[in-house]
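We did not get these values from a lab; they are worked out from the coordinates using the rules stated. A quick note: this is a predicted structure, and the numbers were derived from the prediction, not measured. Cβ placement follows ideal geometry from the backbone for every residue including glycine, while neighbour counts extend to all protein chains displayed.
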Amino acid sequence: MQNYVLPVVLLVASNIFMTFAWYWHLKFKHLPILTVVLVSWSIALIEYMLAVPANRIGYGVYTAHQLKTMQEVITLTVFIGFSAFYLGQGPTWNTLIGFSLIALGAYFVFRG
């Protein structure tokens with residue numbers, strides 16, 4: 001059971017770090033781009049330290065396609081919260097519909 005759950009937990013944690021690495025700087029346009037890149041790379045290192053073990057552990061119980069699909073759905077879920085709380089941009093109906101269609105696609109990847 002741990003091999004099913006641990007990859008999901010690690011992917012959620014890694015996606016939180018990756019979302020910050022990609023988007024934290026949008027509120028700090030005054031910072032030089034080199035500073036932004038170096039800080040983002042530092043944050044992304046933590047993301048990789050979580051994502052690589054997640055995929056390695058998960059590959060024993062999930063297919064590569066399932067792991068990638070899981071990662072994308074987690075990324076969108078984390079991003080909705082991040083954009084709402086950090087950037088102050090809640091999802092629109094179109095965003096929710098689009099993300100729901102992606103979730104529907106994930107259903108078919110995991111189906112039987």
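From the list Ala21, Ala84, Ala54, the lone residue that is among the small types (Gly, Ala, Ser) and closer than 24 Å to Val109 by Cβ is Ala54.
Here is the figure for the range 1-53: residues that are under 20 Å from Tyr86 (Cα atoms), in contact (Cβ under 8 Å) with a residue 24 or more places away in the chain and among the β-branched types (Val, Ile, Thr) total 5.
Checked against (1) over 15 Å from Ala106 (Cβ atoms); (2) more than 13 Å from the chain's Cα centre (by Cα), His65 passes all but condition (1).
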